[in-house]
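In what follows, a structure is listed as structure tokens, so that the remarks can point back to it.
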Amino acid sequence: MSIAFGANIPFVEHLGFTLEQFADGNSTLHFAPRPEHLNSFAVTHGGALMTFLDVVMATAARSVLPESGVVTIEMKTSFMRPARAAAGGFLIGRGRLLHRTRSTAFTEGTVYDDAGEACAHATGTFRYVQRHLGGPQAPLSTD
């Protein structure tokens with residue numbers, strides 16, 4: 001059952017990611033790649049996977065401070081195997097908050113194919129920011 005992201009994220013809506021778990025430093029998302037998300041080998045494009053991992057990790061970071069936003073500071077991704085989802089299936093992304101300060105979150109995320117095999121893994125660092133309607137976002141605090 002999909003739940004709301006708690007923020008309007010047009011790019012995420014365009015890609016069709018759904019949020020399935022968002023609590024206690026953990027997140028689970030689903031991604032059903034469409035033909036336009038594939039590369040020339042007919043598997044999910046690495047850029048689409050990196051975007052998915054970015055969102056997976058960001059939601060894990062936000063899950064402990066849901067009223068905040070986060071912005072990506074750094075991300076490292078490793079691709080382990082082609083990411084395939086059967087027709088009507090989806091990829092699963094699982095994120096975990098490893099450590100946080102008042103302003104920074106350290107996370108990891110993994111994408112699994114429809115057979116349950118890990119396809120890609122990432123670590124990421126995020127800055128917590130306050131949401132301002134109609135204006136720029138600002139850091140919550142400095143360390």
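The values are calculated or read from the model by the stated rules, or taken from the named source; none is laboratory data. This is a predicted model, so every value here is computed, not measured. Here the Cβ positions follow ideal geometry from the backbone for every residue, glycine too, while neighbour counts run over all protein chains shown. The accessibility values were calculated without ligands, DNA or RNA, using every heavy atom of the protein model including side chains. Shrake-Rupley method; radii C 1.70, N 1.55, O 1.52, S 1.80 Å.
Before moving on, here are some points about what is shown:
- A48 fulfils the conditions (1) touching a His at 6+ places or on another chain (Cβ under 7 Å); (2) touching a residue at least 60 places away in the same chain (Cβ under 8 Å) except for a single criterion, (2).
- Filter result for the condition that a residue is at pLDDT below 95, of a type outside the set (K, R) and within 17 Å of A4 (Cα to Cα), over S63, S68: S68
- For region 45-69, filtering for residues that are crowded, with 24+ Cβ neighbours inside 10 Å and not in a helix (DSSP H, G or I) leaves 0.
- Per the conditions (1) at pLDDT 95 or above; (2) surrounded by fewer than 20 Cβ atoms within 10 Å (Cβ to Cβ); (3) under 19 Å from E117 (Cα atoms), the sole criterion not satisfied by L91 is (2).
- The requirement of being free of Cβ contacts under 8 Å to residues at least 40 places away in the same chain and either out of contact with any Pro (no Cβ under 6 Å at 6 or more places or on another chain) or surrounded by 12 or more Cβ atoms within 10 Å (Cβ to Cβ) (or both) is not satisfied by H30.
- So T77, is it in contact (Cβ under 8 Å) with a residue 40 or more places away in the chain, in a strand (DSSP E or B) and in contact with a Lys or Arg (Cβ under 9 Å, 6 or more places away or on another chain): no
- Number of positions in region 33-44 that are open to solvent by 30 Å² or more (accessible area, probe 1.4 Å) and in contact (Cβ under 8 Å) with a residue 40 or more places away in the chain: 2
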